[in-house]
Amino acid sequence: MSRALTAANVAAVTLFIGFSVARHAPLEIFPAAWRKMLIRWRKAHSQRASSNAAQDSASVVSLGRAHPYDTAAGEATFKAWPAFNGDTKLAHTAGITRRQRLEVRPPLDSLFAGTSLRCRLSYALAERRALDRKEFFETFEFMEQARVSLRCGRGCRTCVECAGGHGLLGILLAVLEPARFDRVLVTDRRRPASFGVILDAAAAVAGPAVRERVRFEEVDFAAALLPTGCAVVCVHGCNSLTDKVIARAVAAEAESLAVMPCCYAHSEASQLAPAALRKGVGVALAADVQRTYTLEAAGFAVSWRHIPSAITPMNRVLVARRRSGVGDSPLAAQSALHESAAVDVIAHPEPCASVNRTKQA
Ligand SMILES: C[S@@+](CC[C@H](N)C(=O)[O-])C[C@H]1O[C@@H](n2cnc3c(N)ncnc32)[C@H](O)[C@@H]1O
């Protein structure tokens, strides 16, 4: 009897590990022949999770212990590169989930062949093999989710990208959002060579003035100076870095903030979240709920957005905008939230003339 139980336990654990690996591990670790099938299965799984969540709107969280990185109900379509929507073959050929350099070769060459600034900049980046494809699509999709909500206040016109690494996000905002930001400050404790290559591509396409508008500060985040009223962005600030970014943004009286957290397990927010939430909905969701309460309490109206999980399972974007002239009354806070939702109509990206899949066929 006890042997049978042990065997059942081992089988259950093996199944669970197998499922988690198939669902979340990078595609590169699987044989090439399996990858297409896995992408299809992951997509179907995400869609099932989303539709289950939609059906049960009164209880979005499933009961029982959730996987820490479960992204159920957090799926999104591609906004910056809509050609990928519903076309897993194209997404797979473009290698969005693969750790490969961005290059000018099919199908990306036709995807970037338009005359819009966005297409020309993308082409220039691909021509220079400036960064990984995954980083490129991740940054573009994040920017597209956040850009219209980002704004400065109190005479400030600076956007700060924290832990920016290659700095593509800051550079994209400088090039594509000149009306919002005069200056972009990218901070990281290490300045990678790719930052210079990306800035070269931006200057070649948008003109040399962009070099004056973007500055990289090689500094530990704790020592970075955030101007009062700035906009703050951070993609994949590991562990508690996202929490530190939120704390610094609050202290600097930032006007807006957009973060896409990662590495949740040891983050401050996950430790602060109630154990019941951590166990019930998973560490990641519990941490982001905690962050949302922190931001709301600091006077921000927060919304959650997502980028496609085909790019990364760490795909939740927390967007926060300072509520203006709103007291502590829940009614007033609620109306500010509605107001911000109405304003947050996501701008449709400039169409890329090249997004013509019939041409490629
Ligand atoms: C996962 S990477 C994300 C980089 C970039 N935002 C992206 O999306 O590719 C985390 C970055 O945080 C930076 N970082 C970690 N701790 C930091 C600290 N205390 N101060 C400044 N940067 C830090 C690392 O150097 C690294 O570039």
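Throughout, read-outs are computed from the coordinates displayed, never taken from laboratory work. Since this is a predicted model, take the numbers as computed values, not measurements. Cβ placement follows ideal geometry from the backbone for every residue including glycine, while neighbour counts extend to all protein chains displayed.
Under a 5 Å amide H cut-off, with hydrogens placed 1.01 Å from N, Val317 pairs with Arg305, His306, Ile307 among residues at least 5 apart or on other chains. Near Ala76, the amide H atoms lying under 5 Å from its own belong to Ser309; only residues 5 or more places off or on other chains count, and H is placed 1.01 Å from N.
With a cut-off of at most 15 other beta carbons within 10 Å, and DSSP calling the residue loop, which trypsin sites (Lys or Arg not before Pro) in region 171-249 qualify? Please list them.
Numbers: sites: Arg180, Arg183, Arg189, Arg190, Arg211, Arg213, Arg215, Lys244, Arg248; in loops: Arg180, Arg189, Arg190.
Of the trypsin sites (Lys or Arg not before Pro), the ones in loops of region 171-249 whose Cβ has at most 15 other Cβ atoms within 10 Å are Arg189, Arg190.
Ranked by how many other Cβ atoms sit within 10 Å of their own Cβ, fewest first, the residues Ser309, Ser149 fall in the order Ser149, Ser309.
Based on the Kirkwood approach, the hydrodynamic radius assigned to region 108-343 is 18.2 Å, with every pair of different Cα atoms included. A simple spin-label model places pseudo-atoms 7 Å from Cα toward Cβ; at Ala276 and Glu218 they are separated by 5.0 nm. The phi-based Karplus calculation (6.51 cos²θ - 1.76 cosθ + 1.60; θ = phi - 60°) puts the 3J(HN,Hα) values of region 305-318 at 10, 9, 10, x, 6, 5, 7, 7, x, 8, 10, 8, 10, 9 Hz, whole numbers, x for Gly and Pro. Pair-distance distribution of region 202-303: all C-alpha pairs, bin width 5 Å, starting at 0; shares per bin in whole percent are 3, 12, 19, 20, 17, 12, 7, 5, 3, 1, 0.
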